[in-house]
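Contents: one structure, followed by commentary.
The values are calculated or read from the model by the stated rules, or taken from the named source; none is laboratory data. What you see is a predicted model, and the numbers here were worked out from it, not measured in a lab. FYI the Cβ positions are ideal-geometry reconstructions off the backbone, even for glycines, and counts take in every protein chain you see.
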């Protein structure tokens, strides 16, 4: 397997955590999201990933090379094909609670705050830095406020009970990102506690952006 | 089962299609997203859905009422508990292609263009209508350009082959929304073709916003 990612991409960070939790090894290829107009837009990569986003996971199936995209679809695939160290609880209702937590980050918080959106605000809408930061904080706070309530109901040492799941895989990169943008975390004690616990595990530590070969 | 939705919400529209495809019946409860400061923010609803978003699906399990949130998590739950008329292909790679198509809409396109984001642009950032429309079109076009390529590779009469899946369930509400905002669809012949085919099926027709009891 070959993982195309970027050290600071939250979506690539999710896939790294999932692979580490399952002790899966992939060759890492860095796609620099800023240099040279963004390597994700270069033709060879765009051929592979129609959205021109990281991550992509190249796998071999029946002797053919195939490409998986979208971090949550990649992780669900890995969880089905490599069921050891399952990333979802087994009961359907529990599974839906975990998926909903993951989607709260992946569909409501992260999409509003990623690089291309912040670039659009600055370049197309002439939004000043201060208001851009307020935008960032607004969506993180909205997402974390809801997630904090869900963790109060369902968390153990992890987001859902005492085993790491897809929810933790989405949470930790989002907290990393929020701290980078100096979001005050004091209103989210459960998020802070779970995030801190995750970061005691080697699978999470090894996936941290600064621990990647392409980190600057 | 009881579905809390709103006629024009794309996320509620997705769940309606999924339930119709599976011939599942739920009592429909309308949560008006605009009137009265937005009924989704009223305490009774916020207790049930920490994100104060529609849809929510209330189910009964072991004699207890339980609430599912996040449209994709709800649909995956229904697909697991009611496997008849499956909404995902069975092979893991195919499944990941379908999930990735669904996530292209749910994580990249829809989140940037929903009501609360457009309200923030207008009220907090003083973005004029014309630039707000350009914002809307920009993200839809980016999403549809990528999705069009995936449909060219994988579509039959539906997004993936010849059976309706989670991808169609996400596509149709997004196209409905794009047309409401007058996005020029001529660059997306496969999207148009698949959308038109879906809308010949009673399951999709019955889920259309204008066919809901709370439609204005």
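Details
- Residues that are in a loop (DSSP other than H, G, I, E, B) and within 16 Å of residue A:121 (Cβ to Cβ), drawn from region B:110-125: B:113, B:124, B:125
- Any pair with Cβ under 7 angstrom, 6 or more apart, that starts in region B:80-109 at a residue that is in the same structural domain as residue B:191 (by TED's automatic domain parsing) and ends at one that is crowded, with 24+ Cβ neighbours inside 10 Å and modelled with pLDDT under 95: none
- Test: residue in region A:173-181 that is touching a helix residue (DSSP H, G or I) at 6+ places or on another chain (Cβ under 8 Å), at the interface with another protein chain (Cβ under 8 Å from one of its Cβ atoms) and either at pLDDT 95 or above or surrounded by fewer than 18 Cβ atoms within 10 Å (Cβ to Cβ) (or both): no
- Selection over region B:149-172 of residues that are away from every other protein chain (no Cβ under 14 Å), more than 20 Å from residue B:7 (Cα to Cα) and touching a helix residue (DSSP H, G or I) at 6+ places or on another chain (Cβ under 8 Å) gives a count of 4.
- Single unsatisfied condition, residue A:105 versus (1) at the interface with chain B (Cβ under 8 Å from one of its Cβ atoms); (2) surrounded by 15 or more Cβ atoms within 10 Å (Cβ to Cβ): (1)
- The residues of region A:52-82 that are under 17 Å from residue B:95 (Cα atoms), more than 8 Å from every other protein chain (Cβ to nearest Cβ) and assigned to a loop (DSSP other than H, G, I, E, B), listed by number, are A:62, A:82.
- Among the residues of this structure, residue B:92 does not count as one that is under 14 Å from the mean Cα position of the chain (by Cα) and surrounded by fewer than 23 Cβ atoms within 10 Å (Cβ to Cβ).
- The lone criterion from (1) buried (at least 18 other Cβ atoms within 10 Å of the Cβ); (2) closer than 23 Å to residue B:11 by Cβ left unmet by residue A:138 is number (1).
- Matching residues in region A:1-33 - criterion: being touching a residue at least 40 places away in the same chain (Cβ under 8 Å), more than 17 Å from residue A:67 (Cβ to Cβ) and surrounded by fewer than 20 Cβ atoms within 10 Å (Cβ to Cβ): A:20, A:22, A:23, A:32
- Residues being closer than 13 Å to residue A:9 by Cα and in contact with a strand residue (DSSP E or B) (Cβ under 6 Å, 6 or more places away or on another chain) - total across region A:30-53: 1
- Yes/no for residue A:85 being at positive phi, modelled with pLDDT of 95 or more and more than 8 Å from chain B (Cβ to nearest Cβ): yes
- Residue within region A:10-33 that is at pLDDT below 95, within 14 Å of chain B (Cβ to nearest Cβ) and not in a helix (DSSP H, G or I) present: no
- Test: residue in region B:110-117 that is crowded, with 18+ Cβ neighbours inside 10 Å, within 9 Å of chain A (Cβ to nearest Cβ) and closer than 21 Å to residue B:192 by Cβ: yes
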